[in-house]
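Below: the structure, in structure tokens.
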Amino acid sequence: MAIVVDLDVHLARLGLTVGEFAAAVGITPANIAVLKNGRAKAVRFTTLDAICRTLGCQPGDVLRWVPDAAPDDG
């Protein structure tokens, strides 16, 4: 998928564990892992709001678009 969720840098910057972050955001550590590992298919705006509030950042600080590799013409 072309959307990447960058949480590790923010958690390290704030010295938060995944468990502490999950509790602050209000979702399970397993769902944080799904986000971090790029397996999420969607993110609720309420969850994104809680993530940004907890990290003190903007959505664009956490989410970034990376183009998919071009198909091989060969």
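The values are calculated or read from the model by the stated rules, or taken from the named source; none is laboratory data. Quick caveat, the model's predicted, so the values are computed rather than measured. Glycine gets a Cβ as well: all are built from the backbone with ideal geometry, and neighbour counts include every protein chain shown. SASA here: full protein model, heavy atoms, side chains in, ligands and nucleic acids out. Shrake-Rupley method; radii C 1.70, N 1.55, O 1.52, S 1.80 Å.
In the context of the full set of protein chains, residues of the chain present 68 Å² of accessible surface per residue (probe radius 1.4 Å, heavy atoms only).
When +1 charges are put on Lys and Arg Cβ atoms and -1 charges on Asp and Glu Cβ atoms, the dipole computed for the stretch 1-50 relative to its Cα centre reaches about 180 debye. Electrostatic tally near Cys57: other residues with Cβ closer than 13 Å to its Cβ, Lys and Arg +1, Asp and Glu -1, net 0. As a length-normalised measure over Cα pairs under 8 Å and 6 or more apart, the relative contact order of the stretch 1-42 settles at 44 percent.
Between Gln58 and Ala33, the simple label model (points 7 Å from Cα in the Cβ direction) yields a spacing of 3.3 nm.
Rg and Dmax of the chain, based on Cα coordinates, read 13.7, 49 Å.
Subtracting the Cα-Cα distance of Arg13 and Arg44 from their residue separation scaled by 0.36 nm leaves 8.8 nm. Placing unit charges on each Cβ (+1 for Lys and Arg, -1 for Asp and Glu) gives the chain a dipole about its Cα centre, and among Ala50, Gly38, His10 the Cα reaching farthest toward its positive end belongs to Ala50.
Leu11 sits among other residues whose Cβ lies under 15 Å from its own Cβ, and their net charge, with Lys and Arg +1 and Asp and Glu -1, is -1.
Helix content alone sets the calculated 222 nm mean residue ellipticity of the chain: runs of n ≥ 4 DSSP H residues at -39500 (n - 2.57) each, divided across all residues, give -13500 deg cm²/dmol. Rolling a 1.4 angstrom probe over the stretch 5-45 with all protein chains present gives an accessible area of which 59% lies on carbon and sulfur atoms.
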